[in-house]
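For reference, the structure is listed below as structure tokens.
The values are calculated or read from the model by the stated rules, or taken from the named source; none is laboratory data. Quick caveat: nothing in here was measured; it's all calculated off a predicted structure. Here Cβ is always computed from backbone atoms with ideal geometry, including for glycine, and neighbour counts include all displayed protein chains. Keep in mind that these areas ignore ligands, DNA and RNA; they rest on the heavy atoms of the full protein, side chains included. Shrake-Rupley method; radii C 1.70, N 1.55, O 1.52, S 1.80 Å.
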Amino acid sequence: MLFLESLRRQCQARGDKTAIEFIDGPRLTYRQLDETVNRCASFLRHAGIGAGDRVAAQLPKCPHFIIIHLASMRIGAIFLPLNPAYPPAETRYFLEDSGAKLLIADHAKKSAVNEIAATLDTLEGTRFVVPDSDFVAELAGWSAEPAPAATSDPHQTAMMLYTSGTTSRPKGAKITHGNLTANIAALHQAWGWREDDVLLHALPLFHVHGLVVALHGALHAGATAVLTAAFDADKTLELLASGRFSVFMGVPTMHRRLYQAAGGRRIDLSHMRLLTSGSDRLPDDLFAGYQRTFNVTLLERYGMTETGMNLSNPLHGERRVGSVGMPLPGVSARVVNPQTETPLPDGDIGELQIKGDHVFAGYWRQPEKTAEAFADDGWLRTGDLARREPDGYYTLKGRAKDLIISGGLNIYPPEVELALMEHPAVAACAVIGCPDAEWGEGVVAVIVPRAGQGIDAGDICEFCRERLASYKVPRRVEFVDALPANALGKVQKAKLRAQFCD
Ligand code: MCA
């Protein structure tokens, strides 16, 4: 049964039980959730949205986002979540590339959004919502009649999430209804989701982690998701310690801040059933410090936007420090020689490749990039290096691709380099990630200035801020006379890392 169908059944079965609740904000029961999603689906159909159309939402974390997300998928449209931190140039690219027909955005950004919309032929409409407003009341005039089942095909695309590439502009990963269903089924089995679970949801909603793993996970189980509008470590720790919650998911930067917020106190969280960490490597010291401080063992898992979750440490059994665990039910994994793509014996390091019904359907309108993503025999190339231990646990050993992960967010150096190269005083540049205690890695730009042009680091950062979401803006800028290059002229980033990462 597809995820959407099982969600509808949960809505029918759970009636007055709370489905979603915002801290200091609105609460929706399963019945209200179902009705409101139906009303929003009526509104979308009335706005001319049909199967296969792209509906973009660029909103802060609010109930509107969740309703629009579910309603879009319910009528067979393709949901496209956009990070509100994107500056106009990035937002425009995603709307243009996806050919989004409708954009629903924050009322506070109306004039900037309208400026972008005026330049796009494919975007037929924009709607603005006030995130604090009563969306349920606003939709009350629309029919709550369920939409005719538009989504019985597991191969139909349910949503599109943009991921950057090492050599190209960001690509839209097509996630099908079948992918979502396979992932959720695997996680429910592996993590033992229960209807009496109460999830504290502090992640952004525009990534797989917050949207699928956390939110869909709770709704699929008929559990309750309690959402914070943003992540505040002190507030989150207070909530976790309150005894109300059984599940929490975060990225290492969030867990590090929670650990620091404890300030050396021992705070017992052992009443919680499951605390997971993902989107970036969990440092060993944090794993151990967390255990001592909170009397719980974090469960580390590994996923990708293109697949959702792949590997996980076990719910019962050893949660191994430094390991991302074993393949989830229905997931096949192998480690191969990156050159020949032949499987390697246990203990050898190679590229991790993945297969299963959860693996995405390809990149939007990019058949060549899609073909490059898969090996000839159909396995997905993750671009991550890993080793399988003889007892089946996998350990990540680095990246085959040029990627920085900062606070659980992927940043592709070529994207930042392209922005830097637009600066008139930049003759050449290279962007690297240096270890950072808070963020995991921090973006460092190494720049060769153009002769005779004045240039300073603050100006460079300001220039980037106009073109890139602020988390991609270099935290440090270094100036050099020349970049180290190999015989083919390729910049040797390892040398730069050795020079500039302490
Ligand atoms: C915020 N800032 C960052 C980051 N986040 N800088 C670098 N890296 C970041 N990740 C910057 C902002 O640009 C801003 O800069 C300043 O920090 C404060 O912004 P604010 O929004 O207040 O930050 P925050 O609330 O402290 O955010 C930190 C955070 C957040 C909570 C750790 O980054 C976060 O929610 N990360 C999780 C991302 C996530 O869900 N990843 C999953 C994707 P300025 O002041 O200069 O403007 S990967 C995924 O889904 C796969 C499938 C998987 O396996 O999970």
Scanning region 233-280 residue by residue, the ones that are touching a residue at least 40 places away in the same chain (Cβ under 8 Å) and hydroxyl-bearing (Ser, Thr, Tyr) total 4
Among Glu21, Glu5, Glu35, which is the only one that is open to solvent by 10 Å² or more (accessible area, probe 1.4 Å), at pLDDT below 95 and among the acidic types (Asp, Glu)?
Glu5
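Would you check if Leu396 is touching a His at 6+ places or on another chain (Cβ under 9 Å), within 16 Å of Glu300 (Cα to Cα), touching a residue at least 12 places away in the same chain (Cβ under 8 Å) and among the aliphatic types (A, V, I, L, M)?
No: the conditions fail for Leu396.
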Taking region 445-502 on its own, how many of its residues are of a type outside the set (Phe, Trp, Tyr), within 16 Å of the ligand (Cβ to nearest atom) and not in a loop (DSSP other than H, G, I, E, B)?
15
If I ask for residues that are part of a loop (DSSP other than H, G, I, E, B) and within 25 Å of Asp285 (Cα to Cα), which ones from region 310-334 would you list?
Asn313, Pro314, Leu315, His316, Gly317, Glu318, Arg319, Arg320, Val321, Gly322, Ser323, Val324
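Evaluate the following for Gly303: is it in contact with a Phe, Trp or Tyr (Cβ under 8 Å, 6 or more places away or on another chain), outside any loop (DSSP other than H, G, I, E, B) and either over 25 Å from Leu328 (Cβ atoms) or within 15 Å of the ligand (Cβ to nearest atom) (or both)?
Criteria not met by Gly303.
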Going by what's in this entry, would Val136 be described as within 24 Å of the chain's Cα centre (by Cα) and hydrophobic (A, V, I, L, M, F, W, C)?
no
Restricted to region 372-427 and to residues being modelled with pLDDT of 95 or more and among the aromatic types (Phe, Trp, Tyr), the residue surrounded by the most Cβ atoms within 10 Å (Cβ to Cβ) is Tyr394
Which one of these is loosely packed, with under 13 Cβ neighbours inside 10 Å, out of contact with any strand residue (DSSP E or B) (no Cβ under 6 Å at 6 or more places or on another chain) and among the hydrophobic types (A, V, I, L, M, F, W, C): Ala137, Ala147, Ala112?
Ala137
